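Here's the structure we're looking at; comments come further down.
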Amino acid sequence: MKDVPPVSPNRFQTIPYFARRLAEHKRRLAFSARSRADWQRWRRALRGKLKELTGYNDLIRAPLKPRITETVDCGDYERQRVEIQTEPGLYMPLFVLVPHRNKPPYPPVIAAHGHASAGKLAVAGVPFSDEHQKLIQSYNYAYGVDFVRRGCIVFCPDARGFGERREKGPVTLLGQSCAILNLAGFPLGLTLAGMWAWDLHRLVDYIKTRKDCRSDALACVGLSGGGLQTLYAAALDDRITCAAISGYFYGIKQSLLDIVCCDCNYVPDLWKYADMGDLGALLAPRPLCIETGTQDELNGAGGLGNVRSQVAITRKAYLLAGAPGNLVHHIFEGGHKWNGLKSVPLVMKHFEQ
């Protein structure tokens with residue numbers, strides 16, 4: 001048998017060609033506003049395009065039908081298992097962590113999970129195995145527990161394709177069904193990014209019905225894929241009044257094209273219109289902390305420069321909105337993990353205002 005031939009030169013490969021195509025595109029909805037009026041027009045245009053491209057507009061509203069199925073006393077807080085309906089006949093399970101300290105209404109936080117999490121289990125600090133416990137420690141994943149111990153009521157949902165919402169097939173609890181869901185959704189004009197944002201917005205609807213939650217403020221936080229969920233959900237809904245995005249904010253070419261990531265990152269036609277910094281600009285002027293590890297491989301070949309280029313785009317919107325201090329970029333020594341050193345204080349300070 002002959003040896004396997006070496007990889008062909010770039011002229012035979014498609015991804016390098018795609019990279020050249022992307023470089024030739026001028027983002028049609030790149031942030032370039034010079035006045036508040038321009039900013040508002042741009043904001044409406046990009047939000048509308050995001051809802052169109054992600055399939056958000058084609059998702060179907062249904063009564064929430066919330067029910068609490070289990071309550072567990074965890075010592076200094078209570079863990080409720082709740083189910084809500086996000087589309088007709090489609091339900092999202094979640095944990096609600098309710099503090100025992102202080103009295104309601106509590107400041108609400110949505111703690112979105114990423115990959116290698118077993119969904120809501122990781123952020124709620126509920127390991128199902130020794131391997132899972134090591135992952136939770138490695139990624140500093142139990143940030144939901146951190147927030148509830150600070151007096152917040154924390155909502156830890158299973159995103160579609162994770163935890164109890166995995167599709168049928170050989171997918172372990174630590175795995176995910178992103179590929180099958182995105183590919184099955186594309187012919188219907190749907191994407192995981194849109195579905196995830198929709199589900200978090202339905203969760204916001206549920207939070208607004210709970211008398212133990214404050215109605216004047218709501219934070220959303222997340223690591224990696226949880227950062228993706230937080231970015232899209234907050235970009236499309238001002239009811240999320242504060243956000244923390246960890247391990248998910250970088251230039252698209254280096255981090256999503258050169259490094260082919262999970263299917264959940266990809267939205268048809270999106271890169272013709274916007275890069276990550278443009279999406280971040282939709283959050284202005286709300287408090288936003290972006291966490292970046294110096295050794296995070298997802299930063300791409302340009303490392304911190306690839307991240308800073310996008311933060312700079314977002315910062316322009318915060319400057320125009322008159323709230324430059326509301327955007328914090330925390331660069332910490334380390335890899336792909338939740339840090340919390342500046343993001344947690346930012347969220348808690350927001351609740352004090």
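The values are calculated or read from the model by the stated rules, or taken from the named source; none is laboratory data. From a predicted model like this one, the values you see are computed outputs, not experimental measurements. Positions of Cβ are generated from backbone atoms using ideal geometry, with glycine treated the same way; all protein chains shown enter the neighbour counts.
Can you pull out the strands (runs of 3 or more DSSP E) entirely within the range 52-133 that have at least 3 residues that are farther than 17 Å from Leu200 by Cβ and not β-branched (Val, Ile, Thr)?
67-73, 77-87
Restricting attention to the range 31-40, which residues are in a helix (DSSP H, G or I), without any contact (Cβ under 8 Å) to a residue 24 or more places away in the chain and under 25 Å from the mean Cα position of the chain (by Cα)?
Gln40
Considering the range 263-285 alone, what residues qualify as being free of Cβ contacts under 8 Å to residues at least 60 places away in the same chain and assigned to a helix (DSSP H, G or I)?
Correct list: Met276, Gly280.
Six or more apart or on different chains, Cβ atoms under 9 Å: show the pairs whose first residue is in the range 331-348 and of a type in the set (Val, Ile, Thr) and whose second is modelled with pLDDT of 95 or more and in a helix (DSSP H, G or I).
Pairs found: Ile331/Leu304; Ile331/Val307; Ile331/Arg308; Val344/Tyr143; Val344/Asp146; Val344/Phe147; Val347/Phe147.
Is one or more of the residues making up the range 286-300 surrounded by fewer than 19 Cβ atoms within 10 Å (Cβ to Cβ) and not in a helix (DSSP H, G or I)? Spell out the reasoning first.
Start the filter on the range 286-300 by keeping residues that are surrounded by fewer than 19 Cβ atoms within 10 Å (Cβ to Cβ), which leaves 294-295, 297.
Narrowing further to those that are not in a helix (DSSP H, G or I): 294-295.
The answer is yes; a qualifying residue exists.
For Val221, only one of the following conditions fails: (1) surrounded by fewer than 24 Cβ atoms within 10 Å (Cβ to Cβ); (2) touching a residue at least 40 places away in the same chain (Cβ under 8 Å); (3) under 19 Å from Ile110 (Cα atoms). What is its number?
(1)
Does the range 236-256 contain at least one residue that is of a type in the set (Lys, Arg), in contact (Cβ under 8 Å) with a residue 60 or more places away in the chain and within 17 Å of Cys156 (Cα to Cα)? Walk me through it before giving the result.
Taking the range 236-256 as the starting set, the residues that turn out to be of a type in the set (Lys, Arg) are 239, 253.
From what's left, in contact (Cβ under 8 Å) with a residue 60 or more places away in the chain: 253.
After this cut, where a residue has to be within 17 Å of Cys156 (Cα to Cα) as well, the list is none.
Checked against the condition, which is being of a type in the set (Lys, Arg), in contact (Cβ under 8 Å) with a residue 60 or more places away in the chain and within 17 Å of Cys156 (Cα to Cα), the range 236-256 yields no hits at all.
Could we say that Thr294 is under 28 Å from Glu24 (Cβ atoms), touching a strand residue (DSSP E or B) at 6+ places or on another chain (Cβ under 8 Å) and among the polar types (S, T, N, Q) here?
no
Which residue, of His329, His350, is out of contact with any His (no Cβ under 6 Å at 6 or more places or on another chain), part of a strand (DSSP E or B), surrounded by fewer than 21 Cβ atoms within 10 Å (Cβ to Cβ) and not acidic (Asp, Glu)?
On inspection, the qualifying residue turns out to be His329.
Would you mention how many residues in the range 247-256 are of a type in the set (Gly, Ala, Ser), buried (at least 24 other Cβ atoms within 10 Å of the Cβ) and assigned to a loop (DSSP other than H, G, I, E, B)? Write out each step before concluding.
Kept after step one, since they are of a type in the set (Gly, Ala, Ser), are these residues of the range 247-256: 247, 251, 255.
Add one more test, that the residue is buried (at least 24 other Cβ atoms within 10 Å of the Cβ), and what stays is 247, 255.
Cutting the leftovers down to assigned to a loop (DSSP other than H, G, I, E, B) gives us 247.
Residues flagged as of a type in the set (Gly, Ala, Ser), buried (at least 24 other Cβ atoms within 10 Å of the Cβ) and assigned to a loop (DSSP other than H, G, I, E, B) within the range 247-256 amount to 1.
Taking the range 74-88 as the search range and keeping residues that are over 22 Å from Arg150 (Cα atoms) and either at pLDDT below 95 or of a type outside the set (Asp, Glu) (or both), which one is farthest from the chain's Cα centre (by Cα)?
Among residues in the range 74-88 that are over 22 Å from Arg150 (Cα atoms) and either at pLDDT below 95 or of a type outside the set (Asp, Glu) (or both), the one farthest from the chain's Cα centre (by Cα) is Pro88.
Only one residue in Gly303, Gly280 is under 18 Å from the mean Cα position of the chain (by Cα) and modelled with pLDDT of 95 or more. Which one? Talk me through it step by step, then tell me what you get.
Details: Gly303 fails: under 18 Å from the mean Cα position of the chain (by Cα).
Only one candidate qualifies: Gly280.
Failed condition for Arg44, given (1) buried (at least 17 other Cβ atoms within 10 Å of the Cβ); (2) of a type outside the set (Phe, Trp, Tyr); (3) more than 30 Å from Arg166 (Cα to Cα), with all others met?
(1)
For residues that are among the hydrophobic types (A, V, I, L, M, F, W, C), part of a loop (DSSP other than H, G, I, E, B) and surrounded by fewer than 10 Cβ atoms within 10 Å (Cβ to Cβ), scanning just the range 1-30, find the one that is modelled with the lowest pLDDT.
That would be Met1.
Looking only at the range 304-319, decide whether some residue is among the small types (Gly, Ala, Ser) and on the phi > 0 side of the Ramachandran plot.
no
Can you tell me which residue is surrounded by the most Cβ atoms within 10 Å (Cβ to Cβ) among those in the range 181-215 that are within 23 Å of Arg47 (Cα to Cα) and among the acidic types (Asp, Glu)?
If we take residues in the range 181-215 being within 23 Å of Arg47 (Cα to Cα) and among the acidic types (Asp, Glu), then Asp199 is surrounded by the most Cβ atoms within 10 Å (Cβ to Cβ).
Do we have Phe128 as out of contact with any strand residue (DSSP E or B) (no Cβ under 6 Å at 6 or more places or on another chain), within 18 Å of Cys264 (Cβ to Cβ), free of Cβ contacts under 8 Å to residues at least 60 places away in the same chain and aromatic (Phe, Trp, Tyr) here?
Answer is no for this residue.
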